[in-house]
1. In the chain, what is the volume of the convex hull around the alpha carbon atoms, normalised per residue and reported in Å³?
2. For region 50-77, list residues with backbone N below 14 Å from a point placed 7 Å from the Cα of Gln92 toward its Cβ?
3. Is any residue of region 16-37 close enough, with backbone N under 17 Å, to a label point placed 7 angstrom from the Cα of Val110 along the Cα-Cβ axis, and if so, which?
4. Treat every Asp and Glu Cβ in the chain as -1 and every Lys and Arg Cβ as +1, leave all other atoms uncharged, and give the resulting dipole magnitude about the Cα centre to the nearest 20 debye.
5. Tell me the label-point distance for the pair Thr400, Ser305, using the 7 Å Cα-to-Cβ offset, in nm and rounded to one decimal.
6. Place a point 7 Å from the Cα of Thr146 along the Cα-to-Cβ direction; which residues of region 308-324 have their backbone N under 18 Å from it?
7. How high is the relative contact order of the chain, in percent, with contacts defined as C-alpha pairs under 8 Å that are six or more residues apart?
8. When the helix-only estimate is applied to the chain (DSSP H runs of n ≥ 4, each -39,500 (n - 2.57), divided by the residue count), what is the mean residue ellipticity at 222 nm, nearest 500 deg cm²/dmol?
Amino acid sequence: MTRTRILLVDDEPGVRLGMKGYLTQHGFDVDEATSVAEAQEGFRSHRPDVAVIDYRLPDGTAMELLPRLKEIDAAVPLVVLTGHGSIELAVQAVKEGAEQFLTKPVELAVLKVVLERLVAQRRERQRHAADRSRTERSRVDPFLGTSAAIQALRDQAERIRDSDSPVLITGETGSGKSVLARWLHEGGARKEAPFVDLNCAALSKDLLDSELFGHEKGAFTSAVAAKQGLLEVADRGTLFLDEIGDMDVAVQPKLLKVLEEKRFRRLGDVKDRRVDVRLVAATHQDLSLAAREKRFRSDLYFRISTLILHVPALRERADDVPVLARHFLAEMGGARGRGQVGLEPDAEKALMTYGWPGNIRELRNVLERAVLLSGASRLSRGDLRFEPAPQDEPLGGDLTLEELERRHIERVMAREGGHVERAATKLGISRSSLYAKLKGWQHRGS
(Lines give C-alpha, C1' and ligand atoms only; values in the text may rest on other atoms or scores of the structure.)
Protein backbone atom coordinates (compact mmCIF):
# COMPACT_ATOMS: atom_id res chain seq x y z
CA MET A 1 0.00 0.00 0.00
CA THR A 2 1.28 3.49 -0.83
CA ARG A 3 2.55 5.52 2.14
CA THR A 4 0.36 8.30 3.50
CA ARG A 5 1.45 11.75 2.30
CA ILE A 6 1.43 14.75 4.66
CA LEU A 7 1.83 18.42 3.75
CA LEU A 8 3.51 20.20 6.68
CA VAL A 9 3.13 24.01 6.63
CA ASP A 10 5.29 25.87 9.17
CA ASP A 11 7.90 28.63 8.84
CA GLU A 12 10.04 27.39 11.77
CA PRO A 13 12.81 25.05 10.47
CA GLY A 14 13.25 23.35 13.84
CA VAL A 15 9.56 22.49 14.15
CA ARG A 16 9.46 21.12 10.61
CA LEU A 17 12.61 19.07 11.17
CA GLY A 18 11.28 17.45 14.35
CA MET A 19 7.83 16.68 12.97
CA LYS A 20 9.13 15.40 9.63
CA GLY A 21 11.67 13.13 11.27
CA TYR A 22 9.08 11.60 13.60
CA LEU A 23 6.38 11.16 10.95
CA THR A 24 8.80 9.76 8.37
CA GLN A 25 10.02 7.25 10.94
CA HIS A 26 6.41 6.11 11.43
CA GLY A 27 5.60 5.49 7.79
CA PHE A 28 4.49 8.88 6.44
CA ASP A 29 5.84 10.79 3.44
CA VAL A 30 6.19 14.49 4.34
CA ASP A 31 6.29 17.48 1.98
CA GLU A 32 7.07 20.91 3.42
CA ALA A 33 5.89 24.48 2.88
CA THR A 34 6.80 27.67 4.76
CA SER A 35 4.10 30.14 3.69
CA VAL A 36 0.52 30.51 2.48
CA ALA A 37 1.71 30.76 -1.12
CA GLU A 38 3.96 27.69 -0.86
CA ALA A 39 1.20 25.76 0.89
CA GLN A 40 -1.26 26.40 -1.96
CA GLU A 41 1.30 25.33 -4.56
CA GLY A 42 2.31 22.24 -2.59
CA PHE A 43 -1.31 21.29 -1.95
CA ARG A 44 -2.02 21.35 -5.69
CA SER A 45 1.09 19.53 -6.84
CA HIS A 46 1.68 16.95 -4.07
CA ARG A 47 -1.93 15.83 -3.44
CA PRO A 48 -1.50 15.17 0.29
CA ASP A 49 -3.76 12.89 2.29
CA VAL A 50 -3.69 15.40 5.19
CA ALA A 51 -2.30 18.94 5.64
CA VAL A 52 -0.89 20.14 8.99
CA ILE A 53 -0.83 23.96 9.11
CA ASP A 54 0.69 26.37 11.60
CA TYR A 55 -1.69 29.24 12.41
CA ARG A 56 0.79 32.09 11.87
CA LEU A 57 2.73 32.21 8.61
CA PRO A 58 4.91 34.96 7.10
CA ASP A 59 2.32 35.99 4.50
CA GLY A 60 -0.94 35.31 6.33
CA THR A 61 -2.75 32.99 8.72
CA ALA A 62 -4.33 29.56 8.56
CA MET A 63 -7.77 31.21 8.48
CA GLU A 64 -6.92 32.74 5.12
CA LEU A 65 -5.38 29.51 3.84
CA LEU A 66 -8.10 27.03 4.88
CA PRO A 67 -10.85 28.14 2.43
CA ARG A 68 -8.31 28.31 -0.42
CA LEU A 69 -7.24 24.72 0.22
CA LYS A 70 -10.84 23.55 0.53
CA GLU A 71 -11.54 25.14 -2.85
CA ILE A 72 -8.70 23.13 -4.39
CA ASP A 73 -9.76 19.81 -2.81
CA ALA A 74 -12.45 19.74 -0.15
CA ALA A 75 -11.83 16.06 0.60
CA VAL A 76 -8.38 16.55 2.19
CA PRO A 77 -8.51 16.85 6.02
CA LEU A 78 -6.81 19.95 7.48
CA VAL A 79 -5.18 20.22 10.91
CA VAL A 80 -4.37 23.63 12.41
CA LEU A 81 -1.61 24.13 15.00
CA THR A 82 -1.25 27.25 17.13
CA GLY A 83 0.77 28.41 20.10
CA HIS A 84 -2.05 30.66 21.32
CA GLY A 85 -5.15 28.47 21.39
CA SER A 86 -8.60 29.65 22.41
CA ILE A 87 -12.12 28.32 22.08
CA GLU A 88 -13.08 31.19 19.77
CA LEU A 89 -10.12 30.50 17.48
CA ALA A 90 -10.87 26.77 17.42
CA VAL A 91 -14.51 27.39 16.50
CA GLN A 92 -13.46 29.76 13.73
CA ALA A 93 -10.95 27.23 12.37
CA VAL A 94 -13.59 24.52 12.24
CA LYS A 95 -15.98 26.87 10.44
CA GLU A 96 -13.28 27.53 7.83
CA GLY A 97 -12.80 23.82 7.20
CA ALA A 98 -10.32 22.46 9.75
CA GLU A 99 -10.97 18.93 11.01
CA GLN A 100 -8.68 19.33 14.04
CA PHE A 101 -7.30 22.25 16.07
CA LEU A 102 -4.25 21.45 18.25
CA THR A 103 -2.15 23.69 20.49
CA LYS A 104 1.65 23.84 20.35
CA PRO A 105 3.87 22.31 21.42
CA VAL A 106 1.96 19.29 20.20
CA GLU A 107 2.85 15.79 21.39
CA LEU A 108 4.07 13.95 18.29
CA ALA A 109 2.46 10.68 19.37
CA VAL A 110 -0.89 12.47 19.66
CA LEU A 111 -0.43 14.09 16.24
CA LYS A 112 0.33 10.67 14.73
CA VAL A 113 -2.90 9.20 16.12
CA VAL A 114 -4.91 12.17 14.84
CA LEU A 115 -3.42 11.88 11.37
CA GLU A 116 -4.03 8.13 11.17
CA ARG A 117 -7.66 8.60 12.19
CA LEU A 118 -8.24 11.37 9.65
CA VAL A 119 -6.66 9.30 6.87
CA ALA A 120 -8.83 6.29 7.78
CA GLN A 121 -11.94 8.47 7.68
CA ARG A 122 -10.96 9.89 4.31
CA ARG A 123 -10.37 6.41 2.88
CA GLU A 124 -13.84 5.39 4.05
CA ARG A 125 -15.40 8.43 2.38
CA GLN A 126 -13.53 7.58 -0.83
CA ARG A 127 -14.86 4.05 -0.75
CA HIS A 128 -18.42 5.30 -0.35
CA ALA A 129 -17.93 7.73 -3.26
CA ALA A 130 -16.59 4.91 -5.40
CA ASP A 131 -19.59 2.73 -4.51
CA ARG A 132 -21.98 5.46 -5.62
CA SER A 133 -20.15 5.99 -8.91
CA ARG A 134 -20.12 2.41 -10.16
CA THR A 135 -22.83 0.44 -11.88
CA GLU A 136 -24.12 -2.57 -9.95
CA ARG A 137 -22.22 -5.60 -11.17
CA SER A 138 -22.37 -9.29 -10.55
CA ARG A 139 -20.05 -10.48 -7.79
CA VAL A 140 -19.39 -13.91 -9.34
CA ASP A 141 -16.05 -15.57 -8.72
CA PRO A 142 -14.30 -14.99 -12.09
CA PHE A 143 -12.81 -18.49 -11.98
CA LEU A 144 -15.84 -20.67 -11.29
CA GLY A 145 -15.33 -23.89 -13.21
CA THR A 146 -12.75 -26.59 -13.84
CA SER A 147 -11.95 -26.08 -17.52
CA ALA A 148 -8.34 -25.74 -18.63
CA ALA A 149 -9.10 -22.29 -20.07
CA ILE A 150 -10.40 -20.84 -16.80
CA GLN A 151 -7.65 -22.44 -14.72
CA ALA A 152 -5.01 -20.95 -17.03
CA LEU A 153 -6.64 -17.54 -16.58
CA ARG A 154 -6.55 -17.98 -12.79
CA ASP A 155 -2.83 -18.83 -12.87
CA GLN A 156 -2.03 -15.76 -14.97
CA ALA A 157 -4.18 -13.45 -12.84
CA GLU A 158 -2.67 -14.64 -9.57
CA ARG A 159 0.84 -13.90 -10.86
CA ILE A 160 0.06 -10.28 -11.67
CA ARG A 161 -2.45 -9.45 -8.93
CA ASP A 162 -0.01 -7.44 -6.78
CA SER A 163 1.68 -5.64 -9.69
CA ASP A 164 1.16 -1.91 -10.19
CA SER A 165 1.50 -2.24 -13.97
CA PRO A 166 -1.56 -1.54 -16.15
CA VAL A 167 -3.68 -4.56 -17.08
CA LEU A 168 -5.73 -4.99 -20.25
CA ILE A 169 -8.56 -7.52 -19.99
CA THR A 170 -9.91 -8.75 -23.33
CA GLY A 171 -12.94 -10.88 -24.04
CA GLU A 172 -16.42 -10.86 -25.46
CA THR A 173 -19.26 -8.83 -24.01
CA GLY A 174 -20.74 -10.50 -20.95
CA SER A 175 -17.81 -12.85 -20.38
CA GLY A 176 -16.90 -11.48 -16.94
CA LYS A 177 -14.20 -8.87 -17.58
CA SER A 178 -15.50 -6.47 -14.93
CA VAL A 179 -15.71 -9.27 -12.35
CA LEU A 180 -12.07 -10.13 -13.02
CA ALA A 181 -11.08 -6.47 -12.69
CA ARG A 182 -12.68 -6.25 -9.24
CA TRP A 183 -11.02 -9.53 -8.22
CA LEU A 184 -7.61 -8.08 -9.15
CA HIS A 185 -8.28 -5.08 -6.93
CA GLU A 186 -9.80 -6.85 -3.94
CA GLY A 187 -6.97 -9.34 -3.67
CA GLY A 188 -4.14 -6.94 -4.49
CA ALA A 189 -1.93 -4.52 -2.61
CA ARG A 190 -4.42 -1.64 -3.11
CA LYS A 191 -7.47 -3.45 -1.70
CA GLU A 192 -7.90 -0.97 1.19
CA ALA A 193 -8.23 1.93 -1.28
CA PRO A 194 -11.14 2.64 -3.66
CA PHE A 195 -12.10 0.63 -6.74
CA VAL A 196 -13.71 2.99 -9.25
CA ASP A 197 -15.13 1.93 -12.60
CA LEU A 198 -16.23 3.91 -15.63
CA ASN A 199 -17.75 2.68 -18.89
CA CYS A 200 -16.09 4.66 -21.68
CA ALA A 201 -18.74 3.64 -24.22
CA ALA A 202 -21.55 5.17 -22.18
CA LEU A 203 -20.34 8.77 -22.25
CA SER A 204 -19.70 11.43 -24.87
CA LYS A 205 -16.25 13.01 -25.13
CA ASP A 206 -17.12 16.02 -22.96
CA LEU A 207 -18.88 13.97 -20.28
CA LEU A 208 -16.06 11.42 -20.20
CA ASP A 209 -13.52 14.22 -19.83
CA SER A 210 -15.43 15.75 -16.92
CA GLU A 211 -16.19 12.44 -15.19
CA LEU A 212 -12.61 11.22 -15.41
CA PHE A 213 -10.63 14.39 -14.71
CA GLY A 214 -13.14 16.62 -12.93
CA HIS A 215 -13.53 20.35 -13.54
CA GLU A 216 -13.10 23.71 -11.89
CA LYS A 217 -15.92 26.13 -11.20
CA GLY A 218 -16.70 28.07 -14.38
CA ALA A 219 -14.85 25.62 -16.65
CA PHE A 220 -17.98 25.56 -18.84
CA THR A 221 -21.45 27.06 -18.72
CA SER A 222 -23.05 24.56 -16.35
CA ALA A 223 -19.99 24.19 -14.08
CA VAL A 224 -21.44 26.09 -11.12
CA ALA A 225 -19.06 24.38 -8.68
CA ALA A 226 -15.76 22.52 -8.78
CA LYS A 227 -16.11 18.76 -9.24
CA GLN A 228 -13.75 15.99 -8.25
CA GLY A 229 -13.09 13.53 -11.08
CA LEU A 230 -13.03 9.77 -10.71
CA LEU A 231 -9.25 9.80 -11.00
CA GLU A 232 -9.11 11.68 -7.70
CA VAL A 233 -11.72 9.40 -6.13
CA ALA A 234 -9.56 6.40 -7.12
CA ASP A 235 -6.33 7.88 -5.74
CA ARG A 236 -4.12 5.12 -4.21
CA GLY A 237 -6.60 2.55 -5.54
CA THR A 238 -7.69 1.04 -8.86
CA LEU A 239 -9.35 2.76 -11.82
CA PHE A 240 -11.24 0.35 -14.07
CA LEU A 241 -12.02 1.68 -17.55
CA ASP A 242 -14.52 -0.63 -19.23
CA GLU A 243 -14.76 -0.61 -23.03
CA ILE A 244 -11.65 1.52 -23.32
CA GLY A 245 -11.67 0.92 -27.08
CA ASP A 246 -14.59 3.35 -27.27
CA MET A 247 -12.71 6.15 -25.51
CA ASP A 248 -12.70 9.33 -27.60
CA VAL A 249 -9.31 9.93 -29.24
CA ALA A 250 -9.21 13.45 -27.78
CA VAL A 251 -9.26 12.04 -24.25
CA GLN A 252 -6.64 9.35 -24.86
CA PRO A 253 -3.54 11.62 -24.63
CA LYS A 254 -4.69 12.85 -21.21
CA LEU A 255 -4.97 9.28 -19.95
CA LEU A 256 -1.52 8.51 -21.33
CA LYS A 257 -0.10 11.43 -19.33
CA VAL A 258 -1.63 10.03 -16.15
CA LEU A 259 -0.01 6.65 -16.78
CA GLU A 260 3.39 8.04 -17.65
CA GLU A 261 3.68 11.03 -15.29
CA LYS A 262 1.04 10.33 -12.61
CA ARG A 263 -0.29 13.83 -13.23
CA PHE A 264 -3.48 15.26 -14.67
CA ARG A 265 -5.32 18.54 -14.93
CA ARG A 266 -8.96 19.28 -14.17
CA LEU A 267 -10.96 21.00 -16.91
CA GLY A 268 -10.54 24.73 -16.47
CA ASP A 269 -7.51 24.39 -14.18
CA VAL A 270 -4.03 25.70 -15.02
CA LYS A 271 -1.98 23.42 -12.79
CA ASP A 272 -1.38 19.70 -12.67
CA ARG A 273 -2.41 17.44 -9.81
CA ARG A 274 -0.71 14.28 -8.70
CA VAL A 275 -2.53 10.97 -8.62
CA ASP A 276 -1.51 7.40 -7.90
CA VAL A 277 -3.81 4.78 -9.43
CA ARG A 278 -3.47 1.34 -10.94
CA LEU A 279 -5.23 1.18 -14.28
CA VAL A 280 -7.20 -1.89 -15.30
CA ALA A 281 -8.86 -1.58 -18.71
CA ALA A 282 -11.20 -3.91 -20.59
CA THR A 283 -12.38 -4.21 -24.16
CA HIS A 284 -14.19 -6.59 -26.49
CA GLN A 285 -12.37 -5.04 -29.46
CA ASP A 286 -9.07 -5.95 -31.09
CA LEU A 287 -7.10 -2.88 -29.95
CA SER A 288 -3.95 -3.89 -31.84
CA LEU A 289 -5.96 -3.71 -35.08
CA ALA A 290 -7.60 -0.47 -33.96
CA ALA A 291 -4.15 1.01 -33.30
CA ARG A 292 -2.91 0.00 -36.75
CA GLU A 293 -6.01 1.54 -38.31
CA LYS A 294 -5.46 4.77 -36.30
CA ARG A 295 -8.74 4.32 -34.41
CA PHE A 296 -6.86 4.02 -31.13
CA ARG A 297 -3.56 5.64 -30.17
CA SER A 298 -0.74 3.14 -30.53
CA ASP A 299 1.29 4.70 -27.69
CA LEU A 300 -1.66 4.34 -25.31
CA TYR A 301 -2.27 0.77 -26.50
CA PHE A 302 1.31 -0.26 -25.80
CA ARG A 303 1.14 1.40 -22.37
CA ILE A 304 -2.11 -0.23 -21.21
CA SER A 305 -1.24 -3.66 -22.62
CA THR A 306 1.79 -4.22 -20.40
CA LEU A 307 -0.13 -7.18 -18.97
CA ILE A 308 -2.96 -8.83 -20.92
CA LEU A 309 -5.55 -11.24 -19.55
CA HIS A 310 -7.99 -12.88 -21.99
CA VAL A 311 -11.32 -14.08 -20.59
CA PRO A 312 -12.53 -17.06 -22.64
CA ALA A 313 -16.02 -17.04 -24.11
CA LEU A 314 -18.53 -19.30 -22.35
CA ARG A 315 -18.86 -21.54 -25.43
CA GLU A 316 -15.11 -22.23 -25.14
CA ARG A 317 -15.62 -23.62 -21.61
CA ALA A 318 -18.92 -25.49 -21.94
CA ASP A 319 -17.99 -27.87 -19.11
CA ASP A 320 -18.12 -24.91 -16.72
CA VAL A 321 -21.74 -24.02 -17.56
CA PRO A 322 -23.30 -26.41 -14.99
CA VAL A 323 -21.01 -25.06 -12.26
CA LEU A 324 -21.99 -21.47 -13.06
CA ALA A 325 -25.65 -22.42 -13.37
CA ARG A 326 -25.71 -24.07 -9.94
CA HIS A 327 -24.03 -21.02 -8.44
CA PHE A 328 -26.62 -18.65 -9.93
CA LEU A 329 -29.54 -20.87 -8.96
CA ALA A 330 -28.37 -21.12 -5.35
CA GLU A 331 -28.05 -17.35 -5.23
CA MET A 332 -31.45 -16.72 -6.82
CA GLY A 333 -33.31 -19.35 -4.82
CA GLY A 334 -31.94 -18.03 -1.54
CA ALA A 335 -32.75 -14.42 -2.42
CA ARG A 336 -36.38 -15.31 -3.16
CA GLY A 337 -36.90 -17.69 -0.25
CA ARG A 338 -37.33 -20.60 -2.67
CA GLY A 339 -34.59 -22.78 -1.22
CA GLN A 340 -32.37 -24.77 -3.55
CA VAL A 341 -33.42 -24.75 -7.21
CA GLY A 342 -31.94 -27.59 -9.28
CA LEU A 343 -31.66 -28.64 -12.92
CA GLU A 344 -33.16 -31.66 -14.65
CA PRO A 345 -30.74 -33.55 -16.97
CA ASP A 346 -32.45 -32.22 -20.11
CA ALA A 347 -32.10 -28.63 -18.88
CA GLU A 348 -28.42 -29.11 -18.05
CA LYS A 349 -27.78 -30.60 -21.49
CA ALA A 350 -29.55 -27.68 -23.17
CA LEU A 351 -27.43 -25.19 -21.22
CA MET A 352 -24.21 -26.97 -22.23
CA THR A 353 -25.04 -27.19 -25.95
CA TYR A 354 -26.33 -23.62 -26.39
CA GLY A 355 -23.82 -21.19 -27.98
CA TRP A 356 -24.17 -18.34 -25.40
CA PRO A 357 -23.47 -15.29 -27.59
CA GLY A 358 -24.13 -13.15 -24.50
CA ASN A 359 -21.83 -15.32 -22.35
CA ILE A 360 -22.16 -15.37 -18.54
CA ARG A 361 -24.48 -12.37 -18.50
CA GLU A 362 -26.91 -14.17 -20.80
CA LEU A 363 -26.68 -17.37 -18.71
CA ARG A 364 -27.68 -15.44 -15.59
CA ASN A 365 -30.60 -13.80 -17.43
CA VAL A 366 -31.89 -17.12 -18.80
CA LEU A 367 -31.79 -18.72 -15.36
CA GLU A 368 -33.32 -15.72 -13.59
CA ARG A 369 -36.21 -15.69 -16.06
CA ALA A 370 -36.74 -19.43 -15.54
CA VAL A 371 -36.71 -19.13 -11.73
CA LEU A 372 -39.20 -16.25 -11.81
CA LEU A 373 -41.63 -17.93 -14.21
CA SER A 374 -41.40 -21.51 -12.92
CA GLY A 375 -42.64 -22.62 -9.53
CA ALA A 376 -40.76 -25.90 -9.71
CA SER A 377 -37.86 -26.81 -7.45
CA ARG A 378 -36.07 -28.29 -10.48
CA LEU A 379 -35.94 -26.58 -13.87
CA SER A 380 -36.56 -28.62 -17.02
CA ARG A 381 -35.73 -27.82 -20.65
CA GLY A 382 -39.20 -26.37 -21.11
CA ASP A 383 -38.51 -23.73 -18.45
CA LEU A 384 -35.55 -22.30 -20.36
CA ARG A 385 -36.10 -19.53 -22.90
CA PHE A 386 -33.07 -18.75 -25.04
CA GLU A 387 -32.76 -15.61 -27.13
CA PRO A 388 -33.34 -16.43 -30.81
CA ALA A 389 -30.18 -16.18 -32.90
CA PRO A 390 -30.08 -13.25 -35.33
CA GLN A 391 -31.43 -14.36 -38.67
CA ASP A 392 -28.92 -14.12 -41.49
CA GLU A 393 -30.15 -12.63 -44.72
CA PRO A 394 -31.06 -15.31 -47.25
CA LEU A 395 -28.54 -16.10 -49.93
CA GLY A 396 -29.15 -14.65 -53.34
CA GLY A 397 -31.18 -11.52 -53.90
CA ASP A 398 -29.17 -8.50 -54.96
CA LEU A 399 -26.02 -9.39 -53.00
CA THR A 400 -22.82 -10.11 -54.86
CA LEU A 401 -20.49 -12.93 -53.83
CA GLU A 402 -18.08 -10.36 -52.36
CA GLU A 403 -20.87 -8.76 -50.33
CA LEU A 404 -21.96 -12.14 -49.00
CA GLU A 405 -18.39 -12.92 -48.01
CA ARG A 406 -18.02 -9.59 -46.29
CA ARG A 407 -21.24 -9.98 -44.29
CA HIS A 408 -20.22 -13.45 -43.17
CA ILE A 409 -16.80 -12.21 -42.05
CA GLU A 410 -18.36 -9.29 -40.19
CA ARG A 411 -20.69 -11.68 -38.31
CA VAL A 412 -17.78 -13.93 -37.32
CA MET A 413 -15.69 -10.93 -36.24
CA ALA A 414 -18.59 -9.70 -34.08
CA ARG A 415 -19.00 -13.13 -32.46
CA GLU A 416 -15.27 -13.23 -31.69
CA GLY A 417 -15.29 -9.78 -30.15
CA GLY A 418 -13.15 -8.24 -32.90
CA HIS A 419 -10.27 -10.67 -32.24
CA VAL A 420 -8.70 -11.21 -35.67
CA GLU A 421 -6.71 -14.35 -34.89
CA ARG A 422 -9.69 -16.23 -33.45
CA ALA A 423 -11.96 -15.02 -36.27
CA ALA A 424 -9.43 -16.20 -38.88
CA THR A 425 -9.35 -19.63 -37.24
CA LYS A 426 -13.16 -19.88 -37.32
CA LEU A 427 -13.19 -18.78 -40.97
CA GLY A 428 -10.49 -21.27 -41.93
CA ILE A 429 -8.16 -18.64 -43.41
CA SER A 430 -4.83 -17.18 -42.33
CA ARG A 431 -4.66 -14.10 -40.16
CA SER A 432 -2.80 -12.21 -42.90
CA SER A 433 -5.56 -13.01 -45.39
CA LEU A 434 -8.21 -11.70 -43.03
CA TYR A 435 -6.17 -8.54 -42.36
CA ALA A 436 -5.87 -7.99 -46.13
CA LYS A 437 -9.64 -8.27 -46.61
CA LEU A 438 -10.39 -5.88 -43.73
CA LYS A 439 -7.80 -3.41 -44.99
CA GLY A 440 -9.14 -3.57 -48.53
CA TRP A 441 -12.68 -2.74 -47.40
CA GLN A 442 -11.36 0.12 -45.29
CA HIS A 443 -9.42 1.63 -48.20
CA ARG A 444 -12.51 1.50 -50.37
CA GLY A 445 -14.21 3.79 -47.87
CA SER A 446 -16.48 1.24 -46.35
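1. In the chain, the Cα hull volume divided by residue count equals 196 Å³.
2. 55-57, 60-67
3. 19, 23
4. Its charge dipole is roughly 560 debye.
5. In this crude spin-label approximation the distance works out to 3.2 nm.
6. Output list for this probe position: 316-324.
7. 13 percent
8. Calculated from helices alone, the mean residue ellipticity at 222 nm is -14000 deg cm²/dmol.
The values are calculated or read from the model by the stated rules, or taken from the named source; none is laboratory data. The structure displayed is predicted, hence computed values, not measured ones. All Cβ positions, even for glycine, are placed from backbone atoms using ideal geometry, and neighbour counts span all protein chains on display. Surface areas here come from the heavy atoms of the whole protein model, side chains and all, with no ligands, DNA or RNA. Shrake-Rupley method; radii C 1.70, N 1.55, O 1.52, S 1.80 Å.
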